[in-house]
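Reading through the structure tokens given below for one structure.
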Amino acid sequence: MNENIWFGHPEELAKLAAAVSPGKSPAEAVAYAVELCRESVEAVNRIALEEGAPPGLGFYPFITDSTVDRIQKLENWKKIAPMPEALPATIADFFDLIVKAKTPSDCTKRMRDFFSQVYFGNDNDPQSRAAAQIQRIKQGDQQGGYFTQTRWEIMGGCYCEWWKGEKSRKAGQSARQRKKKSS
């Protein structure tokens, strides 16, 4: 067995093996459980990449602590992104339910900031890449809607998490400025 595989505690692997492999020998059951875990990670990675997940949710050949964290993050995003009435959904739906800025231009700017920081932050020209991503979404809308359920959950949850951090960061800056002015 590959020692790079992470399963938390050996008893967790034993429980999984027993649950999915009745009647098999312990060695066969563990080997099958390991294969299920690998396939699960590969499936999550494939879906995440196909659906536009931000970098950092990419290929992980072994189950590691960070892989488990990323899978948990994907699951959490599914819970925090309010879903549209119908799928596929459009960028207008995303703006209304997720971005929630005052005007469409404010929404577009926020979305561009989100993409440039989260998706393309290590790129040479993150603003251009972000604008191109927004254009791809708009082109997808012309085909009936860019946002599949998985895209919506990943991008919507990631955006909600990012925006929460942005509001916190801005509030901290504002508090520091008020404190500086009162000094």
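Derivation of every value follows stated rules applied to the coordinates shown; laboratory data play no part. Bear in mind that the values here come from a model prediction, so they are computed numbers and not experimental data. Positions of Cβ are backbone-derived with ideal geometry, glycine not excepted, and every protein chain shown enters the neighbour counts.
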Checklist entry - Please report, for the Cα atoms of the stretch 81-183, the Rg to one decimal and the Dmax as a whole number; what are they, in angstrom? => result 15.5, 57
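Going by how many other Cβ atoms sit within 10 Å of their own, how do 95, 147 line up, fewest first?
Values: 95 18, 147 25.
Starting with the residue having the fewest Cβ neighbours, the order is 95, 147.
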Next on the checklist: I need the fraction of alpha carbon pairs in the stretch 108-168 separated by more than 20 Å, rounded to a whole percent.
Outcome noted: 27 percent
Item to check | Two-site FRET efficiency, residue 129 against residue 178, from Cβ-Cβ distance with R₀ of 25 Å, rounded to 0.05 | outcome: 0.10
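Neighbour counts of other C-beta atoms within 10 Å: give me 36, 74 arranged from fewest to most.
In increasing order of surrounding Cβ atoms, one gets 36, 74.
Assuming R0 = 25 Å, what is the FRET efficiency of residue 171 and residue 79, from their Cβ-Cβ distance, to the nearest 0.05?
Details: r = 24 Å, r/R0 = 0.96.
After rounding, the FRET efficiency stands at 0.55.
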Checklist entry - Using a simple charge model, +1 on the beta-carbon of Lys and Arg, -1 on the beta-carbon of Asp and Glu, nothing else, what dipole does the stretch 109-183 show about its Cα centre, in debye to the nearest 20? => result 740 debye
Item to check | Chain lengthening between residue 102 and residue 36 when straightened (0.36 nm per residue, less Cα-Cα) | outcome: 19.2 nm
